[in-house]
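Here is the structure we will look at.
The values are calculated or read from the model by the stated rules, or taken from the named source; none is laboratory data. Just so you know, these numbers come straight off a predicted model, no measurement behind them. Counting neighbours? That spans all protein chains shown, and the Cβs are built from the backbone with ideal geometry, glycine included. Surface accessibility is based on the protein's heavy atoms, side chains included, excluding ligands, DNA and RNA. Shrake-Rupley method; radii C 1.70, N 1.55, O 1.52, S 1.80 Å.
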Amino acid sequence: MSIVFDRPHALVDKPLHYCPGCTHGIIHRLVAEVIDELGIEGKTVGVSPVGCTYNNYEYFNCDMVQAAHGRAPAVATGIRRSLPDNVVFTYQGDGDLAAIGTAEIVHAATRGERITTIFVNNAIYGMTSGQMAPTTLVGQVSTTTPFGRKPELHGYPVKVCELLSTLEGAVYIERVAVNNVQNIKKAKAAIKKAFELQLAGKGFTLVEVLSTCPTNWGMNPVKSIKWLEENMMPHYKLGVYKDISAE
Amino acid sequence: MSEKLLMKGNEVIAEAALRAGCRHYFGYPITPQTEVAHYMAKKMEQIGGVFVQAESEVAAINMVYGAASTGKRVMTSSSSPGISLKQEGISYSACAELPMVIVDVVRCGPGLGGILPAQCDYFQIVKGGGHGDYNLVVFAPSSIQELYELVVHAFNVADQYRNPVVILGDGYLGQMMEAVEFKDEEVINKVEKPWATVGTNMEREHNVITSIYIEADVLEAHNNKLQAKYRAIEANETMVEEFNCEGADVIVTAYGTVARIVKNVIKDAAKEGIKVGLIRPITLWPFPKASFEKYAETPKGFLCVEMSAGQMVEDVRLAINGKNSVDFHGRTGGNVPSQKDIMAIVREIAARK
Ligand SMILES: Cc1ncc(C[n+]2csc(CCOP(=O)(O)OP(=O)(O)O)c2C)c(N)n1
Ligand code: SF4
Ligand SMILES: [Mg+2]
């Protein structure tokens with residue numbers, strides 16, 4: 001009997017603590033599969049954020065560093081500059097990356113730090129129970145926009161890929177989703193490409209992954225996927241925003 | 001042959017760090033310590049080290065956190081308002097037990113304050129500043145030679161105890177030019193760092209650097225471990241200069257450049273037949289309590305002099321513990337306590353019954 005589907009080596013054999021139907025788990029698996037396929041686990045250092053995935057250092061088998069809220073790109077900069085031959089990635093939520101950590105991500109990209117950022121956009125603050133994120137959609141109800149996000153009161157949802165792709169130091173920026181098998185495959189290909197470009201020493205790479213938060217969206221997992229497709233995907237268009245290897 | 005040079009304090013900080021094996025520096029410009037960054041930018045590029053001008057002090061300290069995680073000797077420098085911004089990262093680094101050297105060339109505050117020298121960061125450096133129960137080892141040099149030696153020592157102490165260490169100097173120390181004699185070779189405490197996150201190389205379990213412990217008992221156990229380490233540092237690393245204290249009429253206490261003014265006062269007072277002693281804490285944490293306890297009942301009174309509205313004086317009073325009077329004299333805004341003003345208070349204390 002041959003094993004055709006197994007846990008990637010880069011994932012620790014441990015049950016994930018995420019809510020049922022949360023797509024953080026899928027994204028973890030994709031990152032781990034890419035690390036396995038590229039054979040880089042032994043030289044990879046990951047940086048965990050503050051958010052629901054604060055302790056994903058327990059799940060990834062490579063060396064891991066936990067960072068303060070939003071500071072992962074700065075921490076990754078310190079690691080990468082100390083370990084020029086290694087591979088460094090950050091895993092960050094939308095509150096972490098696009099609110100409190102805006103300066104750190106913009107300047108890591110500006111400097112062209114050779115790191116890969118996995119940016120998980122679930123349009124909400126998951127861990128702290130569903131407050132508005134910078135990515136929360138207009139009209140979306142959250143615990144701090146109880147009557148829906150109103151631009152005149154709360155501003156507009158930020159498009160991170162569009163913003164960062166204007167920076168010269170960013171060499172690869174793509175937005176993907178994990179709503180169906182086809183898109184999950186594309187998401188994995190994007191993550192792999194980002195790591196490959198880092199390995200080639202090109203510059204800053206980021207993959208934004210549209211993700212669900214059934215718990216704080218107040219929906220079951222199936223409805224959550226539908227909500228992502230009908231509401232997030234029209235605003236956050238999937239695609240490659242920057243790829244210097246294609247230019 | 002050791003080398004004797006005339007150098008500015010800020011440049012000595014950078015040179016000493018390089019001599020201690022520091023090859024990673026992250027900072028953000030702020031007066032009056034900017035020459036540290038200038039020196040580092042030039043040298044690091046020449047010797048293949050790492051210099052990054054960060055987007056903020058918040059980012060700089062987190063870059064230090066990252067570099068320290070890999071076990072590298074790493075430094076950042078700043079001045080008061082910048083140190084306020086670093087406090088988040090300092091607390092995380094203390095909890096994650098990351099060795100690093102942080103230089104604070106203090107300027108006057110609060111707020112944007114001014115760029116003139118001060119000692120008003122005692123509270124934010126010695127008493128925490130960041131959240132949680134932690135301690136930083138804090139060195140307060142009072143000459144350029146001592147500055148050099150303590151910067152090198154700071155890297156050794158940081159590595160030995162896996163703890164952030166601070167060099168607290170006032171603006172004078174940063175700007176002042178003085179002769180410094182560099183050793184041919186530094187004493188480098190080579191500490192193994194099996195905990196460093198440098199990649200597993202598929203040869204060991206993964207290493208994790210973290211400052212989060214969600215369960216109460218686990219976090220308390222970690223706190224107890226930190227506290228045990230702090231007790232060991234108190235027992236082994238306290239540094240103090242006691243000068244002229246035996247049988248003194250008045251004991252003045254001051255640190256950093258203010259202690260130099262007090263030394264002049266000691267000479268003036270001697271001419272008037274008043275014996276003045278000096279207790280100069282070299283480590284502000286651990287605070288040299290034992291020196292104060294030893295001489296608590298010797299003089300007619302103690303006088304604490306600072307370039308602040310009264311910060312270290314709180315620790316002096318705790319150490320004296322009611323056994324004697326502790327007067328305070330301080331200047332703020334960038335003003336310096338004058339020999340004349342200190343002398344007037346010394347006379348007054350000496351005249352007490
Ligand atoms: C300095 C600081 N401010 C606030 C918090 C509280 N906090 C923890 S997680 C979080 C939001 C995380 O949301 P996001 O980055 O979107 O991650 P998600 O949980 O949705 O994956 C906040 C505000 C904190 N830990 N530290
Ligand atoms: S709160 Fe939301 S983001 Fe967090 S684990 Fe649960 S479903 Fe996922
Ligand atoms: Mg989120």
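Within segment A:9-29, can you find the residues that are of a type outside the set (Gly, Ala, Ser), open to solvent by 10 Å² or more (accessible area, probe 1.4 Å) and away from chain B (no Cβ under 13 Å)?
Within segment A:9-29, A:Pro15, A:Leu16, A:Tyr18, A:Cys19, A:Pro20, A:Cys22, A:His24, A:Ile26, A:Arg29 meet the criteria.
Only one residue in A:Gly155, A:Gly95 is away from every other protein chain (no Cβ under 14 Å), at pLDDT 95 or above and within 16 Å of ligand 3 (Cβ to nearest atom), so which one is that?
The match here is A:Gly95.
Please tell me if A:Ser165 is closer than 30 Å to A:Arg114 by Cβ and either within 16 Å of ligand 3 (Cβ to nearest atom) or modelled with pLDDT of 95 or more (or both).
So A:Ser165 passes the test.
In segment A:82-103, which residues are more than 11 Å from ligand 1 (Cβ to nearest atom) and under 15 Å from the mean Cα position of the chain (by Cα)?
A:Val88, A:Phe89, A:Thr90, A:Thr102
Kindly list the number of the only condition in (1) within 14 Å of another protein chain (Cβ to nearest Cβ); (2) more than 25 Å from B:Phe139 (Cβ to Cβ) that fails for B:Trp195.
(2)
Considering segment B:294-320 alone, what residues qualify as being within 24 Å of the chain's Cα centre (by Cα) and among the polar types (S, T, N, Q)?
Hits for segment B:294-320 are B:Ser308, B:Gln311.
Is it the case that some residue within segment A:21-34 is away from ligand 2 (no atom under 13 Å from the Cβ) and more than 18 Å from the chain's Cα centre (by Cα)?
Scanning segment A:21-34 turns up no residue that is away from ligand 2 (no atom under 13 Å from the Cβ) and more than 18 Å from the chain's Cα centre (by Cα).
Can you tell me which residue within segment A:184-224, out of those that are aromatic (Phe, Trp, Tyr) and outside any strand (DSSP E or B), is nearest to ligand 3 (Cβ to nearest atom)?
Result: A:Trp217.
Take segment B:144-169 and flag every residue that is in a loop (DSSP other than H, G, I, E, B) and open to solvent by 30 Å² or more (accessible area, probe 1.4 Å).
Once the filter is applied, which keeps residues that are in a loop (DSSP other than H, G, I, E, B) and open to solvent by 30 Å² or more (accessible area, probe 1.4 Å), segment B:144-169 yields only B:Arg162.
When you scan segment B:95-110, how many residues do you find that are closer than 17 Å to B:Leu168 by Cα and buried (at least 23 other Cβ atoms within 10 Å of the Cβ)?
10
I'd like the full set of residues that are open to solvent by less than 10 Å² (accessible area, probe 1.4 Å) and either of a type in the set (A, V, I, L, M) or more than 7 Å from chain A (Cβ to nearest Cβ) (or both), limited to segment B:60-74.
Answer for segment B:60-74, where residues must be open to solvent by less than 10 Å² (accessible area, probe 1.4 Å) and either of a type in the set (A, V, I, L, M) or more than 7 Å from chain A (Cβ to nearest Cβ) (or both): B:Ala60, B:Ile61, B:Met63, B:Val64, B:Ala67, B:Ala68, B:Val74.
Can you give me the number of residues within segment A:95-104 that are open to solvent by less than 10 Å² (accessible area, probe 1.4 Å) and without any contact (Cβ under 8 Å) to a residue 60 or more places away in the chain?
4
What is the residue count in segment B:311-334 for residues that are surrounded by fewer than 19 Cβ atoms within 10 Å (Cβ to Cβ) and either among the aliphatic types (A, V, I, L, M) or under 22 Å from B:Ala269 (Cβ atoms) (or both)?
Here the count works out to 4.
Does segment B:267-290 hold any residues that are over 21 Å from B:Glu237 (Cβ atoms), assigned to a helix (DSSP H, G or I) and open to solvent by 10 Å² or more (accessible area, probe 1.4 Å), and which are they?
Listed by number, the residues that qualify are B:Lys267, B:Asp268, B:Ala270, B:Lys271.
Just the residues that are open to solvent by 10 Å² or more (accessible area, probe 1.4 Å), within 7 Å of chain B (Cβ to nearest Cβ) and under 22 Å from B:Tyr213 (Cα atoms), please, taken from segment A:59-92.
A:Asn61, A:Arg71
How many residues, within segment A:98-115, are more than 9 Å from chain B (Cβ to nearest Cβ) and more than 15 Å from A:Tyr172 (Cα to Cα)?
Total meeting the criteria: 5.
Name, by its number, the condition in (1) more than 20 Å from A:Lys159 (Cα to Cα); (2) within 16 Å of ligand 2 (Cβ to nearest atom); (3) of a type outside the set (D, E, K, R) that does not hold for A:Gln198.
Every condition holds for A:Gln198 apart from (2).
Only one residue in A:Ala32, A:Ala76, A:Ala10 is touching a Leu at 6+ places or on another chain (Cβ under 7 Å) and touching a residue at least 24 places away in the same chain (Cβ under 8 Å), so which one is that?
A:Ala32
Are any residues in segment B:223-255 exposed (fewer than 15 other Cβ atoms within 10 Å of the Cβ) and part of a helix (DSSP H, G or I), and if so, which ones?
Selection gives B:Asn224, B:Lys225, B:Gln227, B:Ala228, B:Arg231, B:Ala232, B:Ala235, B:Asn236.
I want to confirm something. Restricting to segment A:35-58 and keeping residues that are aliphatic (A, V, I, L, M) and either within 15 Å of ligand 2 (Cβ to nearest atom) or under 18 Å from B:Asn201 (Cβ atoms) (or both), which single residue is surrounded by the fewest Cβ atoms within 10 Å (Cβ to Cβ)?
Across segment A:35-58, the extreme among qualifying residues is A:Leu38.
Run down B:Ser91, B:Ser79 and say which single residue is farther than 21 Å from B:Ile209 by Cβ and in the same structural domain as B:Ile115 (by TED's automatic domain parsing).
The unique qualifying residue is B:Ser79.
What residue, among those in segment A:119-132 that are within 12 Å of ligand 2 (Cβ to nearest atom) and free of Cβ contacts under 8 Å to residues at least 40 places away in the same chain, is least open to solvent (accessible area, probe 1.4 Å)?
So, considering only residues that are within 12 Å of ligand 2 (Cβ to nearest atom) and free of Cβ contacts under 8 Å to residues at least 40 places away in the same chain, the one least open to solvent (accessible area, probe 1.4 Å) is A:Gln131.
Among the residues of segment A:167-183, which ones are assigned to a helix (DSSP H, G or I) and crowded, with 17+ Cβ neighbours inside 10 Å?
A:Asn183
Of the residues in segment A:215-247, how many are more than 16 Å from the chain's Cα centre (by Cα) and open to solvent by 10 Å² or more (accessible area, probe 1.4 Å)?
Selection size over segment A:215-247: 23.
Let's see how each residue does on (1) within 16 Å of ligand 1 (Cβ to nearest atom); (2) in contact with a helix residue (DSSP H, G or I) (Cβ under 7 Å, 6 or more places away or on another chain):
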site: B:Val50; (1), (2): no, yes
site: B:Ser77; (1), (2): no, yes
site: B:Ser84; (1), (2): yes, yes
site: B:Ser91; (1), (2): yes, no
site: B:Val101; (1), (2): no, yes
site: B:Tyr122; (1), (2): no, yes
